[in-house]
């Protein structure tokens with residue numbers, strides 16, 4: 001397939017770095033999605049080397065940098081070369097481990113729970129500011145913290161409090177703080193109705209579940225159930241006019257965007273996924289890595305779905321005649 005430049009209408013001008021969060025139970029493909037989105041960039045991780053399986057599945061890799069806490073992430077970001085128009089991309093995986101290690105360190109010096117919370121909130125604010133000032137989009141992957149109830153302690157006259165579920169940021173009071181700074185807050189949920197070659201997981205963004213799970217999307221491009229593809233979600237937000245930075249493709253794989261557009265267009269014409277896969281394979285250059293073709297197929301299917309999801313009002317205006 002010959003690489004061409006895909007231009008998104010209205011995508012010129014200053015871009016804003018994105019702070020996005022994906023959380024869910026283990027083995028739902030969060031890290032794989034993150035890895036593809038930041039491939040060619042950097043992943044800050046408390047366990048370098050643990051992502052080798054991810055890179056094997058993707059057929060590419062990102063630079064892994066040891067990072068035990070959010071404070072360490074802030075310091076690393078401040079030392080990185082500044083990026084223009086939000087084009088820098090960083091992943092945090094596993095952010096839950098970073099949060100827990102940060103809390104453990106704070107508990108050794110703080111006097112009480114409130115002091116621990118204030119220190120954690122300050123570290124988070126500094127991390128976000130460092131990313132915005134440096135022009136880096138940050139995508140964080142967390143395990144979930146389940147909804148629950150805080151029972152009264154002995155001698156405590158305060159009422160029982162219930163907590164919604166969300167990303168495991170080491171303490172329940174920190175969840176709404178993290179949610180507030182996340183442009184996208186997506187919950188990964190297994191879905192057995194999805195079959196190969198697509199991944200059997202969906203990203204939930206459902207206001208009707210806010211009494212149970214924190215989710216959100218400031219761009220309003222997400223439906224209640226979405227394809228597990230954070231890069232395509234960001235890209236769709238740019239398509240509809242949001243000034244966000246789309247993560248760059250890895251060097252040598254820039255053609256993936258045109259291949260994904262080929263699939264999305266073919267799907268829009270009524271082709272099923274198998275037909276799209278066959279057409280994509282036939283149009284590809286000889287020797288193209290099958291892992292990259294599958295990557296393009298998944299991106300194209302996600303692009304098609306996001307353009308035609310229930311969150312988009314575009315379908316209301318299709319095939320409408322102009323008023324006389």
> Looking at this structure, is residue 224 under 21 Å from the mean Cα position of the chain (by Cα), at negative phi and buried (at least 21 other Cβ atoms within 10 Å of the Cβ)?
Replying inline: no
> How many residues does segment 186-241 hold that are in contact (Cβ under 8 Å) with a residue 40 or more places away in the chain, assigned to a helix (DSSP H, G or I) and over 16 Å from residue 298 (Cα atoms)?
Replying inline: 2
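What residue, among those in segment 170-185 that are touching a residue at least 24 places away in the same chain (Cβ under 8 Å) and under 16 Å from the mean Cα position of the chain (by Cα), is surrounded by the fewest Cβ atoms within 10 Å (Cβ to Cβ)?
It comes out as 181.
Condition check ((1) touching a helix residue (DSSP H, G or I) at 6+ places or on another chain (Cβ under 6 Å); (2) loosely packed, with under 13 Cβ neighbours inside 10 Å; (3) outside the structural domain of residue 35 (by TED's automatic domain parsing); (4) more than 23 Å from residue 88 (Cα to Cα)) across all residues:
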{"position": "250", "(1), (2), (3), (4)": "no, no, yes, no"}
{"position": "262", "(1), (2), (3), (4)": "no, no, yes, yes"}
{"position": "270", "(1), (2), (3), (4)": "no, yes, yes, yes"}
{"position": "274", "(1), (2), (3), (4)": "no, yes, yes, yes"}
{"position": "283", "(1), (2), (3), (4)": "no, no, yes, yes"}
{"position": "289", "(1), (2), (3), (4)": "no, no, yes, yes"}
{"position": "292", "(1), (2), (3), (4)": "no, no, yes, no"}
{"position": "296", "(1), (2), (3), (4)": "yes, no, yes, no"}
> Do we have residue 123 as assigned by TED's automatic domain parsing to the domain that holds residue 45, assigned to a helix (DSSP H, G or I), in contact (Cβ under 8 Å) with a residue 40 or more places away in the chain and crowded, with 16+ Cβ neighbours inside 10 Å here?
Replying inline: yes
>> Could you tell me how many of the residues in segment 47-71 are in a helix (DSSP H, G or I) and touching a helix residue (DSSP H, G or I) at 6+ places or on another chain (Cβ under 8 Å)?
In response: 6
>> Consider segment 73-93. How many of its residues are assigned to a helix (DSSP H, G or I) and buried (at least 19 other Cβ atoms within 10 Å of the Cβ)?
In response: 4
> Just to be sure, is residue 72 more than 15 Å from the chain's Cα centre (by Cα) and at pLDDT 85 or above?
Replying inline: yes
> Do the conditions hold for residue 157, that is, is it at pLDDT 90 or above, surrounded by fewer than 19 Cβ atoms within 10 Å (Cβ to Cβ), assigned by TED's automatic domain parsing to the domain that holds residue 123 and assigned to a loop (DSSP other than H, G, I, E, B)?
Replying inline: no
> With respect to residue 88, is the statement that it is in contact with a strand residue (DSSP E or B) (Cβ under 7 Å, 6 or more places away or on another chain) and at pLDDT below 90 true?
Replying inline: yes
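The values are calculated or read from the model by the stated rules, or taken from the named source; none is laboratory data. As the structure is a computational prediction, the values presented were derived from the model and not from experiment. Neighbour counts are summed over all protein chains in view; Cβ atoms, including those assigned to glycine, are modelled from backbone coordinates with ideal geometry.
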